[in-house]
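The values are calculated or read from the model by the stated rules, or taken from the named source; none is laboratory data. Small disclaimer: the values here were computed from a predicted structure and weren't measured. Note that each Cβ is placed from the backbone with ideal geometry, even for glycine, and that neighbours are counted across all protein chains shown. Remember, those area values only see protein heavy atoms, side chains included, never the ligands or the DNA or RNA. Shrake-Rupley method; radii C 1.70, N 1.55, O 1.52, S 1.80 Å.
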Amino acid sequence: MNWLPRPADGTAWVAPSLLAADFADLRGEVASVAGAGADLLHLDVMDGHFVPNLTFGPFICGAVRRTTDLPLDAHLMISHPDRYVEAFAGAGVDALTIHVEAESPVGTTLGQIGRLGVRKGLSLNPGTDLATVLPHLPALDLVLVMSVQPGFGGQEFDPAAVDKIAALAERREAEGDDFLISVDGGINHETGPVCREAGADILVSGSWLFGADDRAAHAALLRGGS
Ligand code: DX5
Ligand code: ZN
C-alpha cells in the first residue's frame, strides 16, 4: 500500500479526478496526469442511488491500478459501502473514502476498511454538519470535504467548504490527529489556493485539470510553493 505524508508547508498534493478523463484512453490519461505531476488519483465511484449518476466500480479501479503506482483514493458515493469494501481493496486501491451520509454504519465500515489494510477516508456533503464527522476523526487517514453536491463534475465551488477545512485543521492541531484534509468539487486556480491556505492537504480537480492545455502548469498552480 502506497500513501502520502502531510505535504510541505504552503503546498498541497494534487489529485486529478478521473471522472473528467477520456475513458477510451484511460492508460494515456493516467500517464498524462502522472507526467504532469499528480501525487495521487481520485476515483469517483457512483451507484445511481446515493447520487443520481452511475460511474464505475472495482473492475475499473483494478484496471487503473495496473497502469500506475500512484496512490489511488476511491471516493465511494454509494449507499452501502460495507458491501463492497472488500472488492475495492482487492482491486488494489490505497484509500477508501466513504460518506458519513451513507446507509452503512460508519464506524463499522471504517473498521472493515482498516482490517483490509486500506487507508480510511470519510467525506461529508456541503449540507452536512461537520459535527457528524468529529467522533470519527481519531480513526481516520483522510477527511474529504465536498465543495459541490456529489454526483457530477464541472459544478461551481461552494465557499462554505473553506470554513469546514479551517475548522478541521484547527481541530487536528488541538487533538494531535494526523488525518489529511482533502477538498473535492470546483477546484481551480482561484479556489484551490484558497483551500490550501485554509489547511487543505489534497486538492481534487476534475474538469479544470483535465480540460487544461498545459496540465503540468495547472497542477503546479494547485500544488503551490516555489
Ligand atoms: C463529484 C466528484 C468530484 C468531481 C470533481 O461528485 O466527487 O470528484 O469529479 O470534478 P470537478 O473538479 O469538475 O468539480
Ligand atoms: Zn470525488
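Please compute the Cα-Cα pair-distance distribution of segment 147-193 with 5 Å bins starting at 0, giving whole percents from short to long. Percent of Cα pairs in each bin: 5, 21, 27, 19, 15, 10, 3, 0.
DSSP beta bridges fully contained in the chain are about 5 percent antiparallel. With all pairs of different C-alpha atoms in the average, the Kirkwood value for the hydrodynamic radius of segment 87-182 is 13.9 Å.
Given a 1.4 Å probe and the protein chains as shown, His49 ends up with an accessible area of around 120 Å². Estimated at the nearest 10 Å², the accessible area of Asp9 is 150 Å² with a 1.4 Å probe.
When you filter the trypsin sites (Lys or Arg not before Pro) in segment 1-100 for DSSP loop state and at most 16 other Cβ atoms inside 10 Å of their Cβ, you are left with Arg66.
Average 1/r across all pairs of distinct alpha carbons in segment 5-136, invert it, and you get the Kirkwood radius: 15.4 Å. When the Kirkwood radius is taken over all Cα pairs of segment 1-68, what Stokes-Einstein diffusion coefficient follows at 4 °C and 1.567 mPa s, in µm²/s? After rounding, the answer is 97 µm²/s.
Cα centroid separation, segment 181-226 to segment 38-89: 21 Å. Which one, Ala212, Ile165, Ile187, is farthest towards the positive end of the dipole of segment 135-226 when Lys and Arg carry +1 and Asp and Glu -1 on their Cβ? About the Cα centre, the residue reaching furthest to the positive side is Ala212.
For segment 139-205, calculate the relative contact order in percent as a whole number, restricting contacts to Cα pairs under 8 Å that are 6 or more residues apart.
Once divided by the residue count of segment 139-205, the mean separation gives 39 percent.
Note on segment 148-226: Rg/Rh from Cα positions, Kirkwood definition for Rh, rounded to two decimals, is 0.99.
Normalised by 2.2 N^0.38 Å, where N counts its residues, the alpha-carbon radius of gyration of the chain equals 0.91. Apolar share of the accessible surface for the chain: 50 percent from carbon plus sulfur atoms, 1.4 Å probe. Ordering Gly154, Ala131, Gly117 by Cα displacement along the dipole of segment 95-196 toward the positive end leaves Gly117 in first place; charges were set at the Cβ atoms of Lys, Arg (+1) and Asp, Glu (-1).
What dipole magnitude, in Debye to the nearest 20, does the chain give about its Cα centre under +1 on Lys/Arg Cβ and -1 on Asp/Glu Cβ?
Here the chain has a charge dipole of around 500 debye.
Computing FRET efficiency as 1/(1 + (r/R0)^6) for Glu103 and His189, where r is the C-beta to C-beta distance and R0 is 41 Å, gives about 0.65. Taking label positions 7 Å along the Cα-Cβ direction at both Ala8 and Leu54, the computed distance is 4.6 nm, reported to one decimal.
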